[in-house]
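See below for the structure under consideration.
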Amino acid sequence: MIKNILKNEFIRNAFTLMMGTAFSQAIPIAIIPILTRIFTPDDFGLLALYGACVTILSVIIAGRYEITIMLPKSDKEAKILLQASVIIIFLIATLLCIPIFLFNKEIANLLGNENIAPWLYLLPFSALLTGIYQSLTYWNNRQKKFKNIAASRVNQSLTQGFIQTLLGFSKMGGGLIVGQILGIASSVIFLL
């Protein structure tokens, strides 16, 4: 019976994604005891605020075009939608730079944390990477490359955890944020 279940393509693909997600979530849980001894609660608060900003921007950065990658019948049309999504991501990320560079201090005050001000300059880049990652995930999903998606998630967690730990031991300020950015960058490169 188990052999019959494992022969089912849908179940195999769902299991692959589930295992990739489980491993990618287990990695931060495993290194959190180390990170909490290296970084202060303020550092984690700054990461949470920065991550919340990236999450909000990632919802709108691609104009939701990444969702449409799954819809067309032909891969040629889907590839055009992928390209359109990436172009929109670049345009919106570029436009995000304007208010951030002009009103950096005001945005930091609005967010209630002046320490976020220097990190706001990296916000468009983080949103750009997150948007591209989402688009590439939909593309790989369409191509049924579920192992790539799962491996990219594990890769992201490993890279992020390694860099955060390394920067923490080297006493670099903002190591949690830099680790998060480089983790998503590594997963984008992996999916490319």
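Here are the numbers for this structure:
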{"read-out": "Selection status of Ala62, in contact with a helix residue (DSSP H, G or I) (Cβ under 7 Å, 6 or more places away or on another chain) and farther than 27 Å from Ser157 by Cα", "value": "no"}
{"read-out": "The listed residue being in contact with a Phe, Trp or Tyr (Cβ under 6 Å, 6 or more places away or on another chain) and among the polar types (S, T, N, Q), out of Ser170, Ser126, Ser85", "value": "Ser85"}
{"read-out": "Failed item in (1) free of Cβ contacts under 8 Å to residues at least 60 places away in the same chain; (2) open to solvent by less than 80 Å² (accessible area, probe 1.4 Å), with Glu9 passing the rest", "value": "(2)"}
{"read-out": "Condition check for Pro41: closer than 23 Å to Phe162 by Cα and free of Cβ contacts under 8 Å to residues at least 60 places away in the same chain", "value": "yes"}
{"read-out": "Flag for Asn148 being open to solvent by less than 70 Å² (accessible area, probe 1.4 Å) and free of Cβ contacts under 8 Å to residues at least 60 places away in the same chain", "value": "yes"}
{"read-out": "Residue ID - nearest to the chain's Cα centre (by Cα), chosen from residues in the stretch 162-172 that are touching a residue at least 24 places away in the same chain (Cβ under 8 Å) and surrounded by fewer than 21 Cβ atoms within 10 Å (Cβ to Cβ)", "value": "Thr165"}
{"read-out": "Set Gly63, Gly20: member being over 19 Å from Val178 (Cα atoms), within 16 Å of the chain's Cα centre (by Cα) and not aliphatic (A, V, I, L, M)", "value": "Gly20"}
{"read-out": "Criterion: open to solvent by 60 Å² or more (accessible area, probe 1.4 Å), out of contact with any strand residue (DSSP E or B) (no Cβ under 6 Å at 6 or more places or on another chain) and assigned to a helix (DSSP H, G or I) - qualifying residue of Glu77, Glu66", "value": "Glu77"}
{"read-out": "Filter result (buried (at least 16 other Cβ atoms within 10 Å of the Cβ) and of a type in the set (Gly, Ala, Ser)) within the stretch 93-122", "value": "Ala93, Ala108, Ala117"}
{"read-out": "Selection from the stretch 44-54 of residues that are touching a residue at least 60 places away in the same chain (Cβ under 8 Å) and surrounded by fewer than 17 Cβ atoms within 10 Å (Cβ to Cβ)", "value": "Phe44, Gly45, Gly51"}
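The values are calculated or read from the model by the stated rules, or taken from the named source; none is laboratory data. Bear in mind the structure is a predicted one, so any value in this text is a computation, not a measurement. Neighbour counts are summed over all protein chains in view; Cβ atoms, including those assigned to glycine, are modelled from backbone coordinates with ideal geometry. Accessible surface areas use protein heavy atoms only, side chains included; no ligands, DNA or RNA. Shrake-Rupley method; radii C 1.70, N 1.55, O 1.52, S 1.80 Å.
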